[in-house]
Structures are given as C-alpha cells and as structure tokens.
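The values are calculated or read from the model by the stated rules, or taken from the named source; none is laboratory data. Owing to the predicted nature of the structure, the values given are computational and were not obtained by experimental measurement. Using ideal geometry, Cβ is built from the backbone for each residue, glycine included, and neighbour counts are taken over all protein chains shown.
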Amino acid sequence: MDSEHYEHSAEVEEFDLTQLDDEYEEAPVEEREFDDVPDGKYQVKVEKAEITRSQTSGNPMLKWTLKILGPKFAGRYLWRNNVITRDNLKWLKTDLHTCGVVLGKLSELQSRLGDLLDITLEVTKRTKGENESIYINRRIVIDESARDVEDSALAPF
C-alpha cells in the first residue's frame, strides 16, 4: 500500500468526541475496590515464583503468586513471601519439600524456580491485625486419568 492510503485510513479512525466532553466531566467514577480474600483454606496454583528483595529488610526473598482455583474467589490471587535468612531457612525448605522441589544446595533455587510453576496446593490464609500470612498445607496432585474415568462414568449413554 502507498503512504497516501495510510494517511486516509488514519483519518477514518479519528473520532470527534468533543460533543461528549461535558457529559464525561459529570460522569461518576464507580469505586471498584475488591474486599480482601477472607481467611480460610484455598486450593491454588503457583502462577509465579521469583527471587526478589524484601522492601523492609533488603534480604533476598522468594515471592509466590498463587491463583485461587475456586469454587469461591476463583481467579483471585494470594501472595506468599519467604524471606531468606538463617532463621527462616527451615520454613523455606519445608515449603519447597511440600511442593516436591528438593534442593541439594540453596544456591540451586534460582535455576529451579520453574519447577514450582503450575503446582496445585492447599493453603491457609490467616490475618492477625494488619498482617496476612499464607501457609502451605500440602500439595494436591490431580490425577488426570482418574478424572477421565470419573467423567466417562458420569456421561449419559
């Protein structure tokens, strides 16, 4: 196509919205603040795992992004942070073992973060004052072959 044709189509795409300027100025803005996910147990999938720095201490931290599978609050997110210090190593190691990620050395963690993705977990969210804590209870292994059998058993003939 030639440049003349592009210029013409760009003009076609422009809209004159000035006639709605006054109404836009007067239109209310709806507040869309979500309530916090309430305390309780949730089935989640590990959507992201990254090593960052704690904003408060500057220590390295494993940050988990957990997507709730449902049925309530499906699609909402929870976050768990493991600050990596000598005192907290046992909690990090326990969480990794629960997820089936066994490290020979802590220095392997960065290269093994991908092993945490898409793992399904049962977690508990607890709030104490202003602090929210996410505890990893157990790994949930979804057996696809068992699911297929159940689905076919329920299928109408």
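When you scan region 123-143, do you find a residue that is surrounded by 12 or more Cβ atoms within 10 Å (Cβ to Cβ), of a type in the set (Lys, Arg), part of a helix (DSSP H, G or I) and at pLDDT 95 or above, even just one?
no
Search region 75-91 for residues that are closer than 20 Å to GLN55 by Cα and pair each with any residue that is surrounded by 14 or more Cβ atoms within 10 Å (Cβ to Cβ) and small (Gly, Ala, Ser) when their beta-carbon atoms are under 7 Å apart and the residues are at least 6 apart or on different chains.
VAL83/SER54
Looking only at region 87-117, filter to residues that are in a loop (DSSP other than H, G, I, E, B) and small (Gly, Ala, Ser); which one of those is nearest to ASP39 (Cα to Cα)?
Residue satisfying both the conditions and the ranking: GLY100.
Of the conditions (1) modelled with pLDDT of 95 or more; (2) over 16 Å from ILE134 (Cα atoms), GLU11 clears all except one; give me its number.
For GLU11, the failing item is (1).
Among the numbered criteria (1) within 21 Å of the chain's Cα centre (by Cα); (2) under 17 Å from ILE51 (Cβ atoms), which one does GLY100 miss?
Result: GLY100 fails condition (2) only.
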